[in-house]
Amino acid sequence: LRYMAPEMKAKHGLKPYNNSVDVFSFAVLFWEIITGRIPFEKEMPPVFGTPKDIPDDVRPSLKHVESQKLAALLEACWHINPGERWKFNKIIEEMLSVCSELDTNKAVEKECSKENFIYTC
């Protein structure tokens, strides 16, 4: 449930959806990886307790995301309107841009090439 797009909740009824739900899930998981925190920990205790319903407009906090570009990427990927969420090709382009900005070393740039990124992920 932590990684589920709001439009997938039962309260919204069975509606057609597309890969924007995967983009949402990716963003929550990516947030967890870059922050080292558990998403929606207060709403959904990891061990005991009854999960609370996470309001549709609530997202993990960006205060622990140091990169403005990554914060913007996350916001675009978990946009409240599924039609406004980025597609994976745009996400890859932005991640490559962030990766190349982390270090201008040629070895890092080679590691961040689109081909390497796609085939190593």
> Do you know which of the residues in region 15-59 that are in a loop (DSSP other than H, G, I, E, B), under 22 Å from residue 84 (Cβ atoms) and open to solvent by 50 Å² or more (accessible area, probe 1.4 Å) is modelled with the highest pLDDT?
Replying inline: 19
> Listed residues 75, 101; which is modelled with pLDDT under 90, open to solvent by 60 Å² or more (accessible area, probe 1.4 Å) and part of a helix (DSSP H, G or I)?
Replying inline: 101
> What tally of residues in region 60-71 results from selecting those that are surrounded by 12 or more Cβ atoms within 10 Å (Cβ to Cβ) and either of a type in the set (Lys, Arg) or without any contact (Cβ under 8 Å) to a residue 12 or more places away in the chain (or both)?
Replying inline: 2
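The values are calculated or read from the model by the stated rules, or taken from the named source; none is laboratory data. Predicted, not measured: the structure shown is a model, and the values here were computed from it. Heads up, the Cβs are rebuilt from the backbone with ideal geometry, glycines too, and the neighbour counts pull from every protein chain shown. Accessible surface areas use protein heavy atoms only, side chains included; no ligands, DNA or RNA. Shrake-Rupley method; radii C 1.70, N 1.55, O 1.52, S 1.80 Å.
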